[in-house]
Each structure stands twice: as structure tokens, then as C-alpha cells.
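Single-structure report; data block below.
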Amino acid sequence: MKPDVLWLVLGFSAQALFGARFIVQWFKSERAGMSVMPVSFWYLSLFGSLLLLIYAIHRRDAVFMVGQLAGSLIYMRNLYLIRRQRVAETVG
């Protein structure tokens with residue numbers, strides 16, 4: 001397989017992973033009967049965003065890079081806050 005095709009597969013796969021977060025959030029919300037934000041939403045956001053960042057670096061697209069990097073930092077922060085809260089609930 002040609003390198004260009006591999007990069008396109010990575011880019012589309014990353015976008016699919018990133019987009020899957022909305023489907024997961026929708027299903028979880030429907031199941032709960034209210035709007036919820038599952039932890040899996042943040043993991044899909046993070047991993048999809050990091051893969052898209054790699055793709056953006058390959059494409060040398062500075063606008064795309066900054067957007068994905070900023071998003072990744074926010075997703076990591078949310079995961080950290082969730083973990084901190086869970087640890088506090090376990091201890092306290």
C-alpha cells in the first residue's frame with residue numbers, strides 16, 4: 001500500500017474515532033433518559049484528537065495542529081478531573 005493511502009486511512013480512521021464519541025454520548029443519554037457525558041466520550045475525544053494531530057502534522061497544517069492540540073489538552077484535563085473525583089469519592 002502506498003504511503004499516501006496509509007495516511008488517508010489514518011486520517012479517516014481518526015475522524016471516525018473522533019466522531020464516534022457523539023454516537024456513544026447519544027446512546028448513553030438515551031439509555032439514561034437524560035443528557036449524560038460518559039467517560040468514554042472523553043477517551044474517544046482524546047485518542048481521535050491525537051490521531052488527527054498526527055495527521056495534521058503530516059499535512060503540515062498549522063491551523064489543524066493548533067486546534068487538535070488545544071482540544072487534546074482539554075480532553076486530558078477532563079479525564080484528570082474525573083479521575084481525581086473518583087479517587088476522592090473512594091477515599092472519602
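Computed from the coordinates by the stated procedures, all read-outs in this text should not be read as laboratory data. Because the structure is a prediction, the values reported are computed rather than measured. Methodologically, a virtual Cβ is constructed for each residue, glycine included, from the backbone with ideal geometry; neighbour enumeration extends over all protein chains shown.
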task: Could you give the size of the charge dipole of the chain about its Cα centre, using +1 on the Cβ of each K and R and -1 on the Cβ of each D and E, expressed in debye and rounded to the nearest 20?
output: 160 debye
query: How high is the relative contact order of the chain, in percent, with contacts defined as C-alpha pairs under 8 Å that are six or more residues apart?
result: 27 percent
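Kindly give the semi-axes, whole Å and largest first, of the ellipsoid equivalent to the chain, taking each as the square root of 5 times a Cα gyration tensor eigenvalue.
On the way: eigenvalues 174, 56, 20 Å².
In descending order the semi-axes read 29, 17, 10 Å.
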query: Peptides 55-67, 27-39: what's the order by average Cβ count within 10 Å, highest mean first?
result: 55-67, 27-39
- prompt: What residue among A32, L17, A56 has its Cα farthest toward the positive end of the dipole of the chain, where the charges are +1 on Lys, Arg and -1 on Asp, Glu, each on the Cβ?
  reply: A32
